[in-house]
Amino acid sequence: MTVGALGLRERKKQRTREALIDAALDLFGHKGFEATTVDEIAEAVEVSSRTFFRYFASKEDVVISLMEQQWVDVYEELDRRPADEPVLTALWRACVAVLRGYEADGTSPYSSKFACVAQLVQDSPSVLARSLEMCSQQNDALARRLAQRMGVDPIADPRPGLVAAVGATALQVAIRAWREHEPDKPVSELADRAFELLQGGINYPAATA
């Protein structure tokens with residue numbers, strides 16, 4: 001098989017995968033996650049259910065695949081940050097850069113597509129369970145990357161894990177603010193604000209009586 005033929009085959013597979021994701025999210029949004037079947041998703045793309053299972057192990061995996069791609073993008077951007085940059089700053093800049101990139105090229109997952117994903121996580125117990133499992137795994141992976149930048153052992157040193165956890169939480173706070181309170185603001189702006197608050201410290205004083 002020639003290199004050109006292989007490239008064409010891979011591009012076709014990628015288009016099919018993206019079409020399945022788009023069809024699934026559209027059906028989930030109209031019918032609900034539980035009411036949608038794999039057969040319906042496959043039929044919308046004019047492929048067999050067997051083809052669906054070549055790309056995804058379950059309906060939940062369709063949703064999770066979008067969330068996993070966001071982590072991949074953050075990791076790639078984090079690797080581009082200066083090696084001597086403090087880890088929270090590096091993670092902050094990487095996350096905001098990824099979000100701004102999404103917003104600039106019009107493919108932001110924080111549009112109707114991400115809103116659908118976020119709603120599914122909230123409404124479907126099975127999607128929520130898979131999301132929590134995935135996020136736990138990705139937090140561990142992020143902690144290892146931060147530990148490498150710091151030159152420490154992530155098992156013996158709790159700091160990389162702490163930075164990974166609070167960084168992920170900052171993103172969740174930004175996304176929730178966007179969905180529930182500030183939909184007119186770019187998510188990148190809200191994430192920038194959340195990380196800036198972390199940078200300043202969160203040991204806020206208690207209200208006086």
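Given Val47, Val96, which one is part of a loop (DSSP other than H, G, I, E, B) and touching a helix residue (DSSP H, G or I) at 6+ places or on another chain (Cβ under 9 Å)? Answer to the check: Val47. Of Arg50, Arg54, Arg80, all but one fail to be open to solvent by 20 Å² or more (accessible area, probe 1.4 Å), among the basic types (Lys, Arg), modelled with pLDDT of 90 or more and within 22 Å of Leu171 (Cα to Cα); the exception is Arg80. For region 54-93, what are the residues that are assigned to a helix (DSSP H, G or I), under 22 Å from Gly29 (Cβ atoms) and not hydroxyl-bearing (Ser, Thr, Tyr)? Hits for region 54-93 are Lys59, Glu60, Asp61, Val62, Val63, Ile64, Leu66, Met67, Glu68, Gln69, Gln70.
Of all residues in region 86-104, those satisfying the criterion of being open to solvent by less than 30 Å² (accessible area, probe 1.4 Å) and over 18 Å from the mean Cα position of the chain (by Cα) are Val87, Thr89.
Sub-9 Å Cβ pairs linking a first residue in region 64-76 that is over 16 Å from Ala129 (Cα atoms) to a second residue that is assigned to a helix (DSSP H, G or I) and of a type in the set (Val, Ile, Thr), at least 6 apart or interchain, are Gln70/Val98; Asp73/Val98; Val74/Val98; Glu76/Val98, ordered by first then second residue.
With respect to (1) at pLDDT 85 or above; (2) surrounded by 14 or more Cβ atoms within 10 Å (Cβ to Cβ), the lone exception for Phe114 is condition (1).
Residues that are out of contact with any Leu (no Cβ under 7 Å at 6 or more places or on another chain), farther than 20 Å from Leu88 by Cβ and among the hydrophobic types (A, V, I, L, M, F, W, C) within region 123-154 comprise Leu128, Ala129, Leu132, Met134, listed in sequence order.
Conditions (1) of a type outside the set (Val, Ile, Thr); (2) closer than 19 Å to Met67 by Cα; (3) surrounded by fewer than 21 Cβ atoms within 10 Å (Cβ to Cβ), marked per residue:
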site	(1), (2), (3)
Ala143	yes, yes, no
Leu146	yes, no, no
Val152	no, no, yes
Pro158	yes, no, yes
Leu162	yes, no, yes
Ala168	yes, yes, yes
Ala174	yes, yes, no
Arg179	yes, yes, yes
Asp192	yes, no, yes
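Residues in region 7-31 that are among the polar types (S, T, N, Q) and open to solvent by 70 Å² or more (accessible area, probe 1.4 Å): Gln14 only.
The values are calculated or read from the model by the stated rules, or taken from the named source; none is laboratory data. Values in this document were obtained by computation on a predicted structure and should not be read as measured data. Reconstructed Cβ throughout: ideal geometry from the backbone, glycine too, with neighbour counts over all protein chains shown. These accessible areas exclude ligands, DNA and RNA; they are computed on the full protein's heavy atoms, side chains included. Shrake-Rupley method; radii C 1.70, N 1.55, O 1.52, S 1.80 Å.
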